[in-house]
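Structure first, commentary second.
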Amino acid sequence: MTWLGEQLARIADEMPERDLYILALEARRRRRRNLGAFTAAAMAVVTIIAVTFLVQSLDGEPEAATRPSAPPELSSLKVGTAPTVEAAPLFVAWRKGYFREEGITVEPVVTTGAPVTIPQAEAGTLDIIQADYVSVLLANDHGKDFRIVSGLYRSAPGDLAVVVPSGSEIRTMRDLKGKKVMVPILRTFESLALLAALERAGLSERDVVLVERPYPQIGAELRQGRAHAAVLAEPWITVNRMRKVQDLTAGTLAGLHTTGMAADARWVRHHPRTVAAFRRALAKAQRLIADDPRVVREVLPMYTKTLPDEAARMTFGTYPAEIGPKELRKVGDLAQAHRWLRGPVDLPRVLGN
Amino acid sequence: MDRDASFRAFVDAHQRSMMRLAYLLTGEVHLAEDLWQSVLVRMIGRWPKLRDVDHLDAYARRIMVNQYTSWRRRRGSGEVPSAEPPHPAHSPEDSAVLRIVLHQALMRLTPKQRAVLVLRFYEDRTERDVAGLLGCSVGTVKSQTHHALARLRALAPELAPYLPTPDDQEHREEVRR
């Protein structure tokens, strides 16, 4: 035998011996059963379609197709989201058909952030919203009753920063005194992180002028000189090629769980199966991302103005589906430290426990 | 019952070599088990008709290789070429290390190239045999072998001295005849 053959044999030795005979028999039985089930299902679908057409032709009222065994209460969901890296699992699940597998159609509605979507979710125009935990805690502190239905994102250093155009004279946070700073949306985790960084530099919120601008506008307006600096999240930092003055998710805020999916408590109570189905599909996407983070870079151009090569360069954190009291307490403590909350945080309530 | 017994006997006789082949093709234990299992499932289905087939192991091998190459086509290549070829940060004489380098380089070949190398050198089959198993011409086997070896040399230059040269192969074929 040649050297190559011998080495290949040694590699093959790594294969453990296992008897697959029984497994194969079972797999075949299962496949047969599935074939039977598939045939039956196909017949059922054909019948339903035929009946639907018949009913439609009779009185124009379409009959909703039903799924066996407790389908979600809603088949179609409007989900509020924001155009940053945090939203990636939603779009991964959407693109891979994970929502469809669970019997729900998801219509993503891209907005600026939770302060916009929370009232819409309360009014019922959105069902589930992507929300930074600070916004959720703030809303509940103001008498609303929101539940976190799933974790979405945990930040990593570099994904949120104070940025300036390349020619700017601003070098440190101190230089921001008296300057105009654009933020995507006020009263969220992003602006709280800015406040924390300002205070570390010996400044306060009153030392800067904050201006709200949606993510897609900030780059251009900053270059036109309409403000001196801005708070940007990825992928917008990379897309706009801005210079970072200060990383906002480093140091004490490193590794913070920042964003989850939330819904009005009443809505959650009335749609337990929809919530469960949504959660399963999202968690599946989050597991996929954990296995292969590249999928984040692939979906980003779907909902942001990111080019593939920019998506390849940007920074992002991780996507844990779980959010527990310990992680949420850190966010609550941060908000309390800056006197954003009036009362204590009811962690079990907001987590729906 | 008789049918099950004869199938059981077939599995017992060939399971070991087939799983080793599956492992060399896929490079991964779970994928290898999946592959062997899918071959078994296909064979149980038509077992009664397979009575007349002379070389059942060759038949199984053909299914396995075809299944594998078409799997890879359908699922798209899950192969992730790592940014850099493996570096020889070791004494190249160390055979365990060389084997790891070989394993890595092997997984970066195309499925068909890998199949040709494994059948040719591990199972020690003639070019004609391999052509029969893969359902292609002897010429294709020759060129695939050549490309596969060239690619191995390019991916892992430290293997070059150990790999068969084209002359070797001619020679081996001569000896067989």
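No lab work stands behind these numbers, since they all come straight from the coordinates. On a predicted model such as this, the values are computed, not experimentally measured, just so you know. Cβ: placed from backbone, ideal geometry, glycine included. Neighbour counts: every protein chain shown.
Which shape class applies to region B:1-77: rounded if a/c is under 1.5, otherwise prolate when a/b exceeds b/c and oblate if not, where a ≥ b ≥ c are the square roots of the Cα gyration tensor eigenvalues?
Numbers: a/c = 2.21, a/b = 1.75, b/c = 1.26.
Because a/c hits 1.5 or more and a/b exceeds b/c, region B:1-77 counts as prolate.
Note on chain A: with a GNM built from Cα contacts shorter than 10 Å, the maximum mean-square fluctuation among A:Pro214, A:Pro301, A:Pro16 falls on A:Pro16.
Structural descriptor for region A:116-268: relative contact order 44 percent, calculated from alpha carbon pairs under 8 angstrom and at least 6 residues apart. Computed from backbone phi, the HN-Hα couplings of region A:238-247 come to 5, 4, 8, 6, 9, 8, 7, 8, 8, 6 Hz, rounded to whole numbers (Karplus: 6.51 cos²θ - 1.76 cosθ + 1.60, θ = phi - 60°; Gly and Pro given as x).
For region B:134-140, the Karplus equation 6.51 cos²θ - 1.76 cosθ + 1.60, evaluated at θ = phi - 60°, returns couplings of 8, x, 9, 7, 4, x, 5 Hz by residue, with Gly and Pro reported as x. Compute the Cα gyration tensor for region A:160-253, then decide on rounded, prolate or oblate, letting a ≥ b ≥ c be the square roots of its eigenvalues: rounded whenever a/c is under 1.5, prolate when a/b is larger than b/c in the other cases, and oblate in all that remain. Rounded is the answer for region A:160-253, as its axis ratio a/c remains below 1.5.
Would you give the gap between the C-alpha center of region B:13-33 and the C-alpha center of region A:71-132, rounded to a whole Å? Computed from Cα coordinates, the inter-centre distance equals 43 Å.
Highest mobility in the GNM of chain A, judged by mean-square fluctuation with C-alpha springs under 10 Å and restricted to A:Phe278, A:Phe99, A:Phe38, is found for A:Phe38.
The HN-Hα couplings worked out from phi for region A:151-161 by the Karplus form 6.51 cos²θ - 1.76 cosθ + 1.60 (θ = phi - 60°) are x, 10, 8, 10, 6, 10, x, x, 8, 9, 8 Hz, whole numbers, x standing for Gly and Pro.
The H on the amide N of A:Gly158, modeled in the peptide plane, is under 5 Å from the matching H of A:Leu248, A:Thr249, A:Ala250, each at least 5 residues off or on a different chain. The relative contact order of chain A, computed from alpha carbon pairs under 8 Å that lie at least 6 residues apart in sequence, is 25 percent. Peptides A:145-152, A:329-336 ordered by packing proxy, namely the average of other Cβ atoms within 10 Å per residue, highest first: A:145-152, A:329-336. Set against the 2.2 N^0.38 Å expectation for a compact globular protein, chain A has a Cα radius of gyration ratio of 1.22.
Filter the cross-link list A:Lys144/A:Lys330; A:Lys96/B:Lys112; B:Lys112/B:Lys142; A:Lys96/A:Lys284 down to pairs whose alpha-carbon distance in this structure exceeds 18 Å. Each step should come with its number before you reach the end.
Values: A:Lys144/A:Lys330 21 Å; A:Lys96/B:Lys112 29 Å; B:Lys112/B:Lys142 12 Å; A:Lys96/A:Lys284 10 Å.
The pairs that break the limit, which is 18 Å between Cα atoms, are A:Lys144/A:Lys330; A:Lys96/B:Lys112.
For the residues A:Asn240, A:Asn140, A:Asn34, a GNM of chain A with alpha-carbon springs under 10 Å puts the largest fluctuation on A:Asn34. Which distance in Å, rounded to a whole number, links the C-alpha centroids of region A:133-168 and region A:203-255? Rounded to whole Å, the Cα centres lie 14 Å apart.
Proximity of backbone amide H atoms, modeled 1.01 Å from N, is registered between A:Val149 and A:Met261, A:Ala262, A:Ala263 at under 5 Å, excluding neighbours fewer than 5 places apart on the same chain. Of all lysines in the structure, the ones whose alpha carbon falls short of 26 Å from that of A:Lys177, not counting any fewer than 8 places away in one chain, are A:Lys244. Averaged over the residues of peptide B:10-22, the number of Cβ atoms from other protein chains lying within 10 Å of each residue's Cβ is 3.
Of all beta bridges that DSSP places with both ends in the protein assembly as shown, some 60 percent have antiparallel geometry.
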